[in-house]
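Structure, as structure tokens:
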């Protein structure tokens, strides 16, 4: 997408988030967003299918760094592929608007339809990662579990990253979540006698 199209897209996203926060999601229209951005409604619909779409990265663009990292990983064991995918997702967010992401996270948590859309995007990511794991020779059942874990560790790291009191980079948080995963898989619980 040309640079001015990216700029227009970001302007629309910022205006939408501000209006959703100020007026509420239901009371904000695509026309309102376009007007607040200084563009026509037609321009809005050139960039987004509807007002909900303004809060989400196009699926192919969202999935690309995860899937490419799995394909390029020097190791093909499931744990290595989980890490490659999750870290690539975190890398893709470097330089992203953290304040915007925080406000978006709050909005998604307050609107059921937006949460549903987010969960659908994550389910689609998991399905694409499952295929990518299978392409690397991982058995389908294990690939499905690995893809779900990669998606979940990324989601957890991103959620922590959007917390107002956390100033660490998303990469650092992603490493922490992956370490939590390893502890969860290796930690033994005492048996009762």
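The values are calculated or read from the model by the stated rules, or taken from the named source; none is laboratory data. Everything quoted here is computed from the prediction, not taken from an experiment. With ideal geometry, Cβ positions are generated from the backbone for all residues, glycine too; neighbour counts draw on all protein chains shown.
Could you pull out every one of the helices (runs of 4 or more DSSP H) wholly within the stretch 23-89 that has 2 or more residues that are within 16 Å of the chain's Cα centre (by Cα) and either at positive phi or in the same structural domain as residue 152 (by TED's automatic domain parsing) (or both)?
59-72
Suppose we filter the stretch 90-105 for residues that are part of a helix (DSSP H, G or I) and either under 12 Å from the mean Cα position of the chain (by Cα) or surrounded by 15 or more Cβ atoms within 10 Å (Cβ to Cβ) (or both); how many remain?
Residues meeting the conditions: 10.
Return the total of residues in the stretch 106-117 being surrounded by fewer than 17 Cβ atoms within 10 Å (Cβ to Cβ) and under 18 Å from residue 62 (Cβ atoms).
Going through the stretch 106-117 one residue at a time, the tally reaches 3.
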